[in-house]
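This report concerns only the one structure given below.
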Amino acid sequence: MKKYKCMNIGNCDNANEGKEFEIAEGEELKCPKCKQDMIVEVTSKPWGKIIGIVVAVLAVVGGGIGAFFAFSGDNNIESIGLDRQEITLVVGQKDVVKATATPVDAKATFTYEVTSGNSIEVGSGGEITAVAKGESTITVKCEENAELNATCKVSVTEPAEETPKFVAVESITLEGAFSLKVGESKKLTMAVAPQNHEETLTFQTSDESVATVTSGGEVNAVKAGKATISVTTDKSGKQASVEVTVKAKEKGPEPGGEGGGNGGGNGQGTVNIGFGKYTGPLQNGKPHGVGGEVRVTRSYSLDLKKSPAEYAELSSGDRIVNTKFINGQLKQGEIHFSDGRRKWINL
């Protein structure tokens with residue numbers, strides 16, 4: 001530990017009273033009173049006091065303390081350095097690099113500059129701002145000795161990309177229980193929150209023989225009875241369900257009762273044609289005529305009678321409308337798929 005005095009005689013009480021201060025290495029050599037530099041070391045050597053007196057006189061006469069630099073050996077800078085040689089930053093991040101001189105009590109004026117790369121900016125006090133991805137070099141120099149310098153390598157990286165947050169379903173609300181007549185269909189009324197969810201909804205029925213449900217939530221009544229329709233999410237496991245009651249279709253005219261047919265199932269009616277329920281004109285108990293409708297109740301590959309072979313894959317919930325049958329054989333119609341697609345067929 002060395003002792004120092006302020007030499008700002010006439011302008012500072014510390015200097016006028018000859019107060020001494022102990023300052024540890026690395027601390028700033030400033031008078032706590034007037035903030036002027038203190039660089040005269042108090043020594044037991046008799047010529048040290050003489051130097052102090054001469055410096056004091058020069059300080060008063062010259063109005064400052066700059067004149068005594070020539071009398072002090074403390075400003076002979078041997079080397080300079082930086083507190084770090086490598087720094088890694090992210091674009092937008094800030095940091096500070098500090099320069100030091102040897103000996104530590106030497107007065108040094110440092111200048112900082114970017115000498116390579118364009119990924120950073122550096123301030124007059126060593127303040128670093130990362131502006132772009134890349135590598136740069138900061139060089140610090142000393143005004144008191146132009147031959148001295150030190151460098152620091154700065155690497156700048158891009159910020160890590162955040163993984164988008166998956167939007168899960170929080171709740172599902174279905175309408176209350178409802179009823180349908182055989183052959184009728186109804187789109188489920190439901191509310192899913194939030195609306196911008198990223199989950200897949202799956203619809204199921206507890207009894208396909210009573211009611212089926214499409215992937216889009218359309219319920220089709222097959223026969224009298226009760227079934228539970230449920231909807232489930234694929235990620236969060238949210239679920240809701242509703243009961244549907246299917247009632248028998250009201251009886252219409254007996255087959256052959258319309259149009260004065262010859263009996264045996266003529267007129268309008270509903271019959272099972274294997275892959276679905278047909279409702280429309282009948283002749284001898286078979287679909288015959290124009291304007292009927294088929295509600296598909298099971299998966300079926302409908303041969304379109306084309307070459308090369310082509311089939312229409314039907315699923316439960318699909319419909320064929322505006323049909324034309326001849327003696328029980330489908331000849332034409334428009335398929336309404338449960339996913340919204342439509343296809344006209346002419347067999």
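Some values worked out for this structure:
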quantity: Within segment 260-347, strands (runs of 3 or more DSSP E) holding 3 or more residues that are open to solvent by 40 Å² or more (accessible area, probe 1.4 Å); calculated: 267-272, 276-283, 289-296, 300-303, 319-326, 329-336, 342-346
quantity: Breaking point among (1) open to solvent by less than 20 Å² (accessible area, probe 1.4 Å); (2) at pLDDT 90 or above, for Ser241; calculated: (1)
quantity: Check on Thr245, over 20 Å from Phe337 (Cα atoms), of a type outside the set (A, V, I, L, M, F, W, C), over 42 Å from the mean Cα position of the chain (by Cα) and not in a loop (DSSP other than H, G, I, E, B); calculated: yes
quantity: Of residues in segment 75-103 being closer than 17 Å to Glu28 by Cα and among the β-branched types (Val, Ile, Thr), the one most open to solvent (accessible area, probe 1.4 Å); calculated: Thr100
quantity: Candidate set: segment 161-183, residues that are touching a residue at least 24 places away in the same chain (Cβ under 8 Å) and open to solvent by 90 Å² or more (accessible area, probe 1.4 Å); chosen: the one nearest to Ile120 (Cα to Cα); calculated: Phe166
quantity: Conditions (1) open to solvent by 50 Å² or more (accessible area, probe 1.4 Å); (2) in a loop (DSSP other than H, G, I, E, B): number failed by Thr151; calculated: (2)
quantity: Extreme residue, farthest from Tyr278 (Cα to Cα), among residues of segment 190-234 that are in contact (Cβ under 8 Å) with a residue 60 or more places away in the chain and under 35 Å from the mean Cα position of the chain (by Cα); calculated: Thr233
quantity: Qualifying residue in segment 126-141 (condition: out of contact with any Cys (no Cβ under 6 Å at 6 or more places or on another chain), buried (at least 16 other Cβ atoms within 10 Å of the Cβ) and of a type in the set (D, E, K, R)); calculated: yes
quantity: Residue in segment 93-101 that is within 26 Å of Tyr4 (Cα to Cα) and among the basic types (Lys, Arg) present; calculated: yes
quantity: Enumeration of residues in segment 131-183 that are of a type in the set (Gly, Ala, Ser) and under 23 Å from Ser79 (Cβ atoms); calculated: Ala146, Ala150
quantity: Every residue from segment 13-33 that is part of a helix (DSSP H, G or I) and in contact with a Cys (Cβ under 6 Å, 6 or more places away or on another chain); calculated: Asn14, Ala15
quantity: Qualifying residue in segment 179-188 (condition: more than 30 Å from Val271 (Cβ to Cβ) and either of a type in the set (Asp, Glu) or over 22 Å from the mean Cα position of the chain (by Cα) (or both)); calculated: no
quantity: Some residue of segment 209-216 being farther than 26 Å from Glu293 by Cβ and assigned to a loop (DSSP other than H, G, I, E, B); calculated: no
quantity: Cross-chain or 6+ apart pairs with Cβ under 7 Å, segment 282-309 first and within 16 Å of Lys343 (Cα to Cα) and modelled with pLDDT of 90 or more, then open to solvent by less than 60 Å² (accessible area, probe 1.4 Å) and part of a loop (DSSP other than H, G, I, E, B); calculated: Val294/Ile273; Arg295/Gly183; Val296/Phe275; Val296/Ser315; Val296/Ser316; Val296/Gly317; Val296/Asp318
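The values are calculated or read from the model by the stated rules, or taken from the named source; none is laboratory data. Everything numeric here is computed off the predicted structure, so don't read it as measured data. Note that we place each Cβ from the backbone using ideal geometry, even for glycine, and neighbour counts take in every protein chain shown. These accessible areas exclude ligands, DNA and RNA; they are computed on the full protein's heavy atoms, side chains included. Shrake-Rupley method; radii C 1.70, N 1.55, O 1.52, S 1.80 Å.
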